[in-house]
Each structure stands twice: as C-alpha cells, then as structure tokens.
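Notes follow once the structure below has been shown.
What follows is calculated from the coordinates using simple rules that are stated; it is not laboratory data. Given the structure is predicted, the values throughout are model-derived calculations rather than measurements. Glycine gets a Cβ as well: all are built from the backbone with ideal geometry, and neighbour counts include every protein chain shown.
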Amino acid sequence: MEFDYEKLADVLAPKLIDGLQEIVDRQLENQEIPYMLTIDQLMKFLHIKRWKASELLGRSDFPVLREAGVLIPREELFEWIDRNLDWVKENTSYIKAV
C-alpha cells in the first residue's frame with residue numbers, strides 16, 4: 001500500500017489556509033494591527049528600517065494619508081501588499097516573519 005502525499009496535500013492545504021485566515025481575522029479583531037498605522041508601526045509590521053519605509057511612502061501607488069500626519073490605512077496596506085508581493089518579498093522580511 002502506497003501513501004499518496006499529493007492527495008494529502010490537496011486535502012490539508014485548504015484547511016491550513018482557512019486556519020491561517022482565522023488567525024489573521026482574530027488578530028485584526030483584537031486590534032493587534034491598528035486600523036491606521038504610523039510610520040513606526042509600519043516599520044515594525046514589515047520589519048524594515050526607516051530609509052526603506054521612506055522609500056515605500058514615497059511611492060505614488062502606496063496608500064498613505066498625509067492630512068493628519070503620516071498614517072497608513074491597514075486594509076489598503078493589505079491590498080497594496082497583495083498587488084505588490086514581489087516588492088514586499090524583495091524589500092522586507094514581512095513574508096518570512098508571517
């Protein structure tokens with residue numbers, strides 16, 4: 001009798017993804033990630049230094065509100081990360097830390 005690892009992976013992958021999504025949702029509900037991030041919170045969240053954060057904030061496509069200082073909306077940040085995953089992988093250690 002042979003064990004089919006691919007079949008096991010096909011069964012487990014959706015369950016793992018659902019479990020990870022629940023963890024992220026719970027963190028958001030508990031406000032572990034604030035609704036609006038400051039530059040220092042962004043640096044901590046993405047595991048980047050100030051010069052890299054400044055580069056990021058200077059991008060025209062990066063979601064930042066400057067009317068009340070420098071604030072980054074959490075949901076828009078997550079959408080930006082999804083759209084720019086290559087930049088995030090190359091310039092931060094966020095993917096490794098998650």
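Computed quantities for the displayed model
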quantity: Label corresponding to volume of the Cα convex hull per residue in Å³ when calculated from the structure given, among (1) 104; (2) 147; (3) 118; calculated: (3)
quantity: Helix-only mean residue ellipticity at 222 nm for the chain, each DSSP H run of n ≥ 4 adding -39500 (n - 2.57), per residue, nearest 500; calculated: -19000 deg cm²/dmol
quantity: At least 24 Å along the helix axis (C-alpha) and Kyte average at least -1.0, DSSP helices within the chain; calculated: 5-29
quantity: Length released on extending from L85 to D61, taking residue separation times 0.36 nm less the Cα-Cα span; calculated: 7.3 nm
quantity: Built amide H within the under 5 Å cut-off of M36, gap 5+; calculated: R74
quantity: Percentage relative contact order, the chain, counting C-alpha pairs under 8 Å, at least six apart; calculated: 25
quantity: Separation in nanometres of the label points that stand 7 Å from Cα toward Cβ, at F3 and S93; calculated: 3.4
quantity: Estimated inter-spin distance, R50 and E75, nm [label 7 Å along Cα→Cβ]; calculated: 3.2
